[in-house]
Every structure is written in C-alpha cells, then in structure tokens.
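Scroll down for the structure; my scribbles are underneath it.
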Amino acid sequence: MPGYKGHLTGRLIFWGLCLAGLFGFGIYQPDPITALVLLLIVLLGALFPDTDTDSKGQNLFYGCLVILDLALMIKGKFKWAAILGFCALLPAIGHHRGWTHTWWAMLIIPLPIIILPMMFYKLSLPDVLPFYLAAVFGYLSHLVLDRKF
C-alpha cells in the first residue's frame with residue numbers, strides 16, 4: 001500500500017503514457033493549459049480516496065483545494081468555487097478505507113465534474129468528459145495501487 005508519493009508517482013507515469021497515446025493517435029489534443037488542468041485533476045483524483053484520514057496526502061489535497069478555491073473566488077467564479085467546496089466535503093461522511101475505496105465511488109464521486117458545469121454553465125458532455133475521465137483515472141490508479149481490484 002503506497003503512500004501519497006507512490007500514488008502521485010504511479011499516477012504521473014500512467015497519465016503521461018495515456019496522454020501521449022491519445023495525443024499521438026490524434027484522439028485528443030488539449031491545449032497546454034487544459035493539459036495542465038487535467039494533470040491537476042488526475043493528481044487530486046489519485047489522492048482523494050485517502051482524504052478521509054489524517055495524512056500527508058490529505059494535507060496536500062486540501063492545500064491544493066484551498067489555493068484553487070481562493071483563486072476562483074478572487075476571479076469571481078463563485079459557482080466554480082461552490083462546486084469545488086461541495087466536492088471537498090464528501091470524504092467527511094465516511095471512515096478510512098470505507099466507501100472512498102470502492103469502485104462505485106470511483107465513478108460516482110467525480111460526477112459533479114460533469115453534472116454541475118452542465119447545469120450551471122450549459123456546457124455539453126464532450127466539453128466536460130475529459131475532466132471527469134481524468135478524475136476517474138486518477139481515482140482508479142489509487143485503487144489499483146492499493147490492490148482494491
């Protein structure tokens with residue numbers, strides 16, 4: 001069972017290979033800023049299952065969210081800040097290695113990434129799907145490294 005560094009390293013390797021394959025085959029070619037945002041989502045997704053316990057991964061996860069939430073508020077993006085805040089509360093409703101370490105949580109927890117932007121900003125599914133998939137793949141890497149599959 002790797003710590004937060006193992007989860008981040010494993011995730012970076014997998015994401016790099018995945019993005020290189022998608023880019024190389026011309027399936028998905030995000031601009032550099034979008035690629036960076038997707039990478040951040042992947043890394044946060046890889047840390048998310050361990051946010052239900054006091055750990056370095058939890059501190060890193062919430063530290064990133066505080067900075068991102070503050071930046072969104074400063075920019076006047078209050079709906080995005082609210083979406084982020086809502087998602088950040090979810091781990092508090094369980095115990096360690098409980099529901100956050102299940103395959104169904106891997107698919108359900110990132111759903112606000114699709115649903116809320118489509119509701120608030122009328123974005124289409126193709127616009128938000130890469131961000132959802134980035135969160136799911138980050139989450140999946142955590143579960144695989146923890147041998148939950």
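The numbers here are math on the coordinates, done by the rules we state, and not lab data. Bear in mind the structure is a predicted one, so any value in this text is a computation, not a measurement. Note that each Cβ is placed from the backbone with ideal geometry, even for glycine, and that neighbours are counted across all protein chains shown.
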Practice item. Sort the following peptides by mean Cβ neighbour count (other Cβ atoms within 10 Å, averaged over residues), highest first: 108-121, 132-145. Key: 132-145, 108-121
Study note, to complete from the structure: Output for the range 25-83 (equivalent-ellipsoid semi-axes, sqrt of 5λ from the C-alpha gyration tensor, Å, descending) is 23, 19, 8
Review point. In deg cm²/dmol and to the nearest 500, what is the mean residue ellipticity at 222 nm of the chain if only DSSP H runs of at least 4 residues count, each as -39500 (n - 2.57), divided by the residue total?
Key: -23000 deg cm²/dmol
Exercise for review: Could you list which residues have their amide H under 5 Å from that of LEU123, counting only those 5 or more apart in sequence or on another chain, with H placed in the peptide plane?
Suggested key: MET118
Practice item. Work out, step by step, the length gained on full extension between TRP103 and LEU125: first 0.36 nm times the residue separation, then minus their alpha carbon distance; give nm to one decimal. Key: 5.7 nm
Review point. Between TYR28 and residues 5 or more places away or on another chain, which pairs have amide H atoms under 5 Å apart, with H built 1.01 Å from N, and which residues are they?
Key: PHE23
Study note, to complete from the structure: Those chymotrypsin sites (Phe, Trp or Tyr not before Pro) from the range 22-105 that are DSSP loop and have at most 15 other Cβ neighbours within 10 Å turn out to be PHE25
Check your understanding: Taking θ as phi - 60°, what are the ³J(HN,Hα) couplings along the range 101-118 by the Karplus curve (6.51, -1.76, 1.60), each to the nearest whole Hz, with x for Gly and Pro?
Key -> 10, 10, 5, 5, 5, 4, 8, 7, 4, x, 4, x, 5, 8, 5, 5, x, 5
**Study point:** Debye, to nearest 20: dipole size of the range 52-149, +1 on Lys, Arg Cβ, -1 on Asp, Glu Cβ
**Key:** 100 debye
Review point. Given (1) 30.7; (2) 9.3; (3) 8.8 as candidate values of mean projected area of the Cα convex hull in nm², which corresponds to the one derived from the coordinates?
Key: (3)
Exercise for review: Pick out, in residue order, every one of the trypsin sites (Lys or Arg not before Pro) in the range 73-149 that is DSSP loop and has at most 12 other C-beta atoms within 10 Å; say none if there are none.
Suggested key: LYS75, LYS122, ARG147
Review point. Applying the Karplus parametrisation 6.51 cos²θ - 1.76 cosθ + 1.60 with θ = phi - 60° to the phi angles of the range 121-131, what ³J(HN,Hα) value in whole Hz is obtained for each residue in order, glycine and proline being reported as x?
Key: 10, 6, 6, 8, 4, x, 5, 9, 4, x, 6
Exercise for review: Treating only the Cβ atoms of Lys and Arg (+1) and Asp and Glu (-1) as charged, compute the dipole magnitude of the range 1-122 about its Cα centre; round to the nearest 20 debye.
Suggested key: 160 debye
**Study point:** For the range 55-67, 3J(HN,Hα) per residue [Karplus equation, 6.51 cos²θ - 1.76 cosθ + 1.60, θ = phi - 60°, Hz, x = Gly/Pro]
**Key:** 7, 5, x, 5, 4, 5, 4, 6, x, 4, 5, 4, 5
